[in-house]
1. Of the conditions (1) farther than 23 Å from residue A:92 by Cα; (2) within 14 Å of chain A (Cβ to nearest Cβ), residue B:32 fails just one. Which one is it?
2. Going through segment B:50-67 one residue at a time, which ones are within 8 Å of chain A (Cβ to nearest Cβ) and closer than 14 Å to residue B:93 by Cβ?
3. From A:47, A:51, grab the single residue that is within 30 Å of residue B:9 (Cβ to Cβ), within 12 Å of chain B (Cβ to nearest Cβ), surrounded by 13 or more Cβ atoms within 10 Å (Cβ to Cβ) and touching a residue at least 12 places away in the same chain (Cβ under 8 Å).
4. Test each condition in (1) more than 23 Å from residue A:40 (Cα to Cα); (2) modelled with pLDDT of 95 or more; (3) more than 10 Å from chain A (Cβ to nearest Cβ) for residue B:47 and report the one that comes out false.
5. Go through segment A:88-115 and give me each residue that's on the phi > 0 side of the Ramachandran plot and crowded, with 19+ Cβ neighbours inside 10 Å.
6. Residue check, residue B:62 against (1) in contact with a strand residue (DSSP E or B) (Cβ under 9 Å, 6 or more places away or on another chain); (2) free of Cβ contacts under 8 Å to residues at least 40 places away in the same chain, all met but one. Which one?
7. Do you know which residues across segment A:23-44 are surrounded by fewer than 17 Cβ atoms within 10 Å (Cβ to Cβ) and touching a strand residue (DSSP E or B) at 6+ places or on another chain (Cβ under 6 Å)?
8. Looking for whichever is modelled with pLDDT of 95 or more, more than 10 Å from chain A (Cβ to nearest Cβ) and over 23 Å from residue A:88 (Cα atoms) here; the options are B:20, B:5. Which one fits?
């Protein structure tokens with residue numbers, strides 16, 4: 001079974017500042033990792049994913065994340081945030097083998113970008 | 001290209017009633033998963049349907065049941081509603097093969113149980 005811990009429930013930042021949203025996971029098998037974003041009253045949109053290969057993954061809207069197997073982390077970063085990045089961000093994990101279809105989500109990190 | 005569509009968007013029920021939520025997957029997708037997102041929480045996996053069969057189920061009671069139709073659309077049924085069933089119900093679609101775990105989510109059906 002897998003689990004995800006998002007270390008910060010809320011992260012306030014100023015516009016144009018860098019941000020890092022932290023995610024740690026637990027799994028006894030190899031994993032796929034994801035970051036999703038949820039704007040108010042909307043569904044989830046995929047930001048980026050790690051399946052295999054390069055540990056630095058680039059996604060949409062200037063976000064990137066780094067898979068660190070030894071630290072079981074998948075932190076999300078953006079060098080300069082905009083007001084429009086205000087949303088809730090969810091880290092998710094699933095087993096990489098077949099038969100483990102479900103995504104396990106963290107509790108989310110609410111990012112608030114202030115002017 | 002239509003994405004994942006869900007209906008209704010909002011509904012209010014009372015305890016003990018039954019509810020049916022509907023989902024049409026993204027064009028070309030054949031697999032539908034349902035998630036429950038309680039207020040302030042991440043989504044939790046309910047079950048997944050492929051080829052009109054339930055393939056995997058999360059830790060939800062039998063009051064939660066589903067169906068997938070030949071056109072890949074899906075329904076989620078919840079019987080004997082409890083106050084704790086109030087949540088946003090998200091439908092997600094994907095391709096069974098190749099399966100990369102990438103899900104496309106609808107905007108959800110917000111259920112309030114009074």
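1. All conditions are met except number (1).
2. Result: B:55, single match.
3. Among A:47, A:51, only A:47 is within 30 Å of residue B:9 (Cβ to Cβ), within 12 Å of chain B (Cβ to nearest Cβ), surrounded by 13 or more Cβ atoms within 10 Å (Cβ to Cβ) and touching a residue at least 12 places away in the same chain (Cβ under 8 Å).
4. Single failed check for residue B:47: (3).
5. Hit for segment A:88-115 is A:108, nothing else.
6. (1)
7. Hits for segment A:23-44 are A:26, A:29, A:39.
8. Values: B:5 fails: over 23 Å from residue A:88 (Cα atoms).
None of the other options fit; the residue is B:20.
The values are calculated or read from the model by the stated rules, or taken from the named source; none is laboratory data. Values in this document were obtained by computation on a predicted structure and should not be read as measured data. Counting neighbours? That spans all protein chains shown, and the Cβs are built from the backbone with ideal geometry, glycine included.
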